[in-house]
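Undergrad: This is the structure, below, for whatever I ask next.
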Amino acid sequence: MSGSRTAVCSAVSAVCSAAAVLALAGAATAHADDTGSLTAEQIAQRSHDALHGASSLHVTAKGDLAAPGAPTSFDLTLDRSGNCRGSVSLGPQGSVEIVKRGADVWMKPDAAFWKNQVPGGGSGLASLVGNRYLKGTTNDPVLRGTAGVCDLDSLQKYFDSAAKLPSTGLTKGKPATVDGTAVIPVTATQQGRTLTLDVAATGKPYPVRITAATGGAAPDATVRFDGFDQPVPTATPAADQSVDISGLVSRPA
């Protein structure tokens with residue numbers, strides 16, 4: 001599923017490009033509860049540092065993330081130990097549910113994902129799996145690529161590898177509330193898009209929300225973060241809801 005890996009990782013990479021404001025240079029010296037007294041650049045840097053210090057998180061994204069007219073969304077809870085649970089949607093290209101515990105992977109694509117993201121259309125494999133999870137490990141190339149979206153270290157590295165904004169020219173907004181959390185917004189413009197990073201105003205300055213808007217008032221992409229340092233759900237699909245890929249490899253796909 002090399003195609004699926006490219007598509008899924010492109011979606012994540014696009015989110016991180018929209019979040020490039022997190023990768024600013026500059027050091028913050030104030031305490032956590034002094035976030036509101038910092039400059040825009042310092043707030044962005046503190047948010048970047050807090051994100052990298054998290055052992056786990058929940059992230060959701062929705063909108064034209066990869067390119068205009070290419071809606072993508074995902075909802076993932078993941079940690080630094082490689083555990084993950086959630087789903088990724090590539091719009092008309094299909095969607096897939098993912099569960100990962102260590103090296104074990106369960107993947108449940110929809111019909112469009114089988115058709116568009118699996119070499120040869122995946123119709124044979126899809127008919128064998130049916131409405132069940134395909135189970136295997138990260139050693140299997142069929143599952144390895146898609147499971148790569150569950151790597152928290154890689155996700156955080158995407159933030160760093162995204163195009164960096166200048167360390168000046170950011171705008172600090174007035175205190176606001178997002179999803180019940182007090183935040184300090186930081187705004188910048190990148191490649192014609194207005195990016196707004198909402199950072200928690202008290203406690204650790206975690207990123208709470210990122211929005212990207214092009215021209216209109218409504219954002220065309222939104223990313224939300226929560227559940228920092230909370231455990232990833234441990235439940236895995238039942239045996240009767242899974243098909244082990246090792247029993248299918250000798251059959252035609």
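Undergrad: Give me the lysines in straight-line cross-link reach of K157: C-alpha distance below 29 Å, same-chain residues under 8 apart excluded.
TA: K62, K100, K108, K135, K172, K204
Undergrad: Please report, in whole Å, how far the alpha carbons of the stretch 180-230 spread along each principal axis, starting with the longest.
TA: Largest first, the stretch 180-230 extends 35, 19, 17 Å along its Cα principal axes.
Undergrad: Still on this model: How much of the calculated P(r) for the stretch 75-128 lies past 13 Å, in percent of all Cα pairs? Don't skip to the answer; put the middle values down first.
TA: Numbers: 864 of 1431 pairs.
In whole percent, the long-distance tail amounts to 60.
Undergrad: OK, next. Please give the contour-minus-distance gain from A182 to L128: 0.36 nm per residue of separation, less the Cα-Cα distance, rounded to one decimal in nm. Write down the numbers at each step before the final one.
TA: Numbers: separation 54, 0.36 × 54 = 19.44 nm, distance 4.93 nm.
So the extension gain works out to 14.5 nm.
Undergrad: Oh, and also: Suppose R0 equals 35 Å. What FRET efficiency, 1/(1 + (r/R0)^6) with r the Cβ-Cβ distance, do K115 and T202 give to the nearest 0.05?
TA: Working: r = 48 Å, r/R0 = 1.36.
Approximately 0.15, to the nearest 0.05.
Every number here is computed from the coordinates shown, using simple stated rules; none is lab data. Predicted, not measured: the structure shown is a model, and the values here were computed from it. When we count neighbours, we look across all protein chains shown, and the Cβ atoms used for this are built from the backbone with ideal geometry, even at glycine.
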